[in-house]
Amino acid sequence: MKIMPNRMDRGFFKYQEEFEQKALEVLRSGWYVLGKEVSSFEEEFAAYTGGNYCVGLASGLDALWIAFRLLGIGKGDEVIVQGNTYIASVMGITINGAVPVFVEPDQYYGIDADQIEAKITQKTKAVLVTHLYGTASSMDKIIALCGKYGLKLVEDCAQSHGACYDGQMTGTFGDVGCFSFYPSKNLGAFGDAGAVIVKEKKLAEEFRMFRNYGSEKRYYNKVVGANSRLDELQAGMLRVRLKHLDALTKEKAEIADRYTREIHNPMILLPGVPKRSTCVWHQYVIRCEERERLIAYLNEREIGTIIHYPIPPHLAEAYQYLGYGEGFLPKTEHFARTVLSIPMYNGMTREEQDYVIEALNQFK
Ligand SMILES: Cc1ncc(COP(=O)(O)O)c(C=O)c1O
C-alpha cells in the first residue's frame, strides 16, 4: 500500500461540490480582488477565533513581516523566537532588519517560556511564539513577561488554526496572530493565502492600508506598503473550508489518538500535549534516534514521511551572517536530527492508518 505524507486531494474531494459551486460563483461575479468574499471571510474567521479583527493577506510570511513592520520593529531591534520554528517565522523578523534572538523549545516543541527572561535586553521589542505542529504553546508566563517588560507579542499560527490554550484560541493572545492558509495547512486554500488577527482597531486599519500599496482611497497612498491582498477565489474557498474546520480537526484528532494509543515501539517517541493546551494535529511528529534508518525502512514499505525541519533557521545558509554554528542550540539541533512527521491527513482510511501503525510497531 502506497501512503503519501499528505493527501490534499482528499480534502478537496470531501467537499468537492461546495468548493466547485463557490469557485463558479466567484468566477462569474466579475470581482476578483478585495471584495465581499474577503470581507465575509474576515468577519467569519475573526468570529471563529474569538479575535477582534481579521485582515486577509497574501501569505503567512507576509502576515509575519508586515506585523513586525507595523508594530514598529526594525533595524537593530531584537525579537525573541524559538530555535525550532519554520524559517518563515525568522524571516518575518529579519526582513525588517530586526535580529532574531533564539530560545530553545520545551518538550512540546513550543518556546521554552522559562528561558525567555534571560534573553531580554534593552533592545528586545517583541516575543514571537510559534504554535508548532498544531499544539497551542503555554501562554501565561509569556504574557506575564511581555507585560513586565513592555514587549509586543506576536503569534505564528500558521499550523495552529483552532488550537486553544486555557480555552482561548491561538492568534488572540498577542498583539497580532499571523496565519498561513497554504494548501497543506489545517485551514488550507488552493494557493497562497494568509491573514492576521489583530486586537486593536487602529492596527487592523493599518494592515488594510498596508496590504493595498498603503492606500485607503484609490490612488491616494499614505505609506509605502505592499501588494499583499487575499483574492476573492481563495477567500471563497476558505469560507467553505472554515465551515468544516471543526469536523476536519476532529477527524485528524481521531487519527492522532489512534497513533498515540496504538504505536508501541521503544525506539519511537510519541508527541505529547501540555495539560492546558489543545492540539489540532497539523502534523503528527515522532522522534527517533535512528531516524534515517526508520525513513529508509518506511520508504521500503512505500510510506512517505517529511522532516519538519531538518535544518534549524540559525544553521540555514540564509542566516550564516548571524554567525551561529552547530552546537549553539543543542536541543533545537537534536530535534532537527530526530523529528519525523508521519502520514496523517483528512480522508486517511482506517486501512492506511493500520498500515502505518503496524509498520512503526515492527521497526527494530
Ligand atoms: C510556522 C510557519 N510560519 C510561517 C509560515 C509561512 O506561511 P506561508 O507559506 O503562507 O508564507 C509557515 C508555512 O509555510 C509555517 O509553517
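The values are calculated or read from the model by the stated rules, or taken from the named source; none is laboratory data. It should be emphasised that the depicted structure is a prediction, and the values quoted were computed from it without experimental measurement. When we count neighbours, we look across all protein chains shown, and the Cβ atoms used for this are built from the backbone with ideal geometry, even at glycine. Areas reflect the complete protein model, heavy atoms only, side chains present, ligands, DNA and RNA absent. Shrake-Rupley method; radii C 1.70, N 1.55, O 1.52, S 1.80 Å.
Note: relative contact order over the chain, using C-alpha pairs below 8 Å and six or more positions apart, is 23 percent.
In a DSSP loop and with at most 15 other Cβ atoms within 10 Å, the GluC sites (Glu not before Pro) in segment 291-364 are E302, E326. In segment 246-362, Rg over Rh equals 1.01, where Rg is the alpha-carbon radius of gyration and Rh the Kirkwood radius from pairwise Cα distances.
For the cross-link pairs K2/K185; K36/K243; K75/K125; K22/K250; K201/K222, the ones whose C-alpha atoms lie over 20 Å apart are K2/K185; K22/K250. Per-residue 3J(HN,Hα) values for segment 164-180, derived from phi via the Karplus relation 6.51 cos²θ - 1.76 cosθ + 1.60 with θ = phi - 60°, read 10, 10, 6, x, 9, 6, 4, x, 10, 7, x, 5, 9, x, 9, 10, 10 Hz in sequence order (x marks Gly and Pro). A straight line joining the Cα centroids of segment 314-336 and segment 118-193 runs 22 Å.
The trypsin sites (Lys or Arg not before Pro) of segment 261-307 that meet both conditions, a loop assignment by DSSP and at most 10 other Cβ atoms within 10 Å of the site Cβ, are K275. For segment 246-362, what's the relative contact order in percent, using C-alpha pairs closer than 8 Å and at least 6 residues apart? 36 percent. Among G56, G171, G147, the residue with the largest mean-square fluctuation in a Gaussian network model of the chain, with springs joining Cα atoms closer than 10 Å, is G147.
Return the calculated 222 nm mean residue ellipticity for the chain, to the nearest 500 deg cm²/dmol, obtained by summing -39500 (n - 2.57) across DSSP H runs with n ≥ 4 and dividing by the residue count.
Counting only the DSSP helices, I get -12000 deg cm²/dmol.
Rg of the Cα atoms in segment 92-133, relative to 2.2 N^0.38 Å, amounts to 1.22.
Our coupling estimate for segment 342-356, obtained by passing each phi through the Karplus curve with A = 6.51, B = -1.76, C = 1.60 and θ = phi - 60°, is 9, x, 6, 7, 5, x, 6, 6, 4, 5, 5, 4, 4, 5, 5 Hz, Gly and Pro reported as x. Accessible area per residue for segment 115-159 is 38 Å², calculated with a 1.4 Å probe on protein heavy atoms, without ligands, DNA or RNA. Scalar couplings 3J(HN,Hα) for segment 66-80, obtained by applying the Karplus form with A = 6.51, B = -1.76, C = 1.60 to θ = phi - 60°, are 5, 4, 5, 4, 6, 7, x, 9, x, 3, x, 6, 10, 10, 7 Hz; x denotes Gly and Pro. Using the Cα gyration tensor of the chain, with a ≥ b ≥ c the square roots of its eigenvalues, what is the shape: rounded (a/c below 1.5), prolate (a/b larger than b/c) or oblate (neither)? It is oblate, given that a/c is not under 1.5 and a/b is not larger than b/c. Scanning residues 5 or more positions from N52 or on other chains, those with amide H under 5 Å from its amide H are V198, with H placed 1.01 Å from N in the peptide plane.
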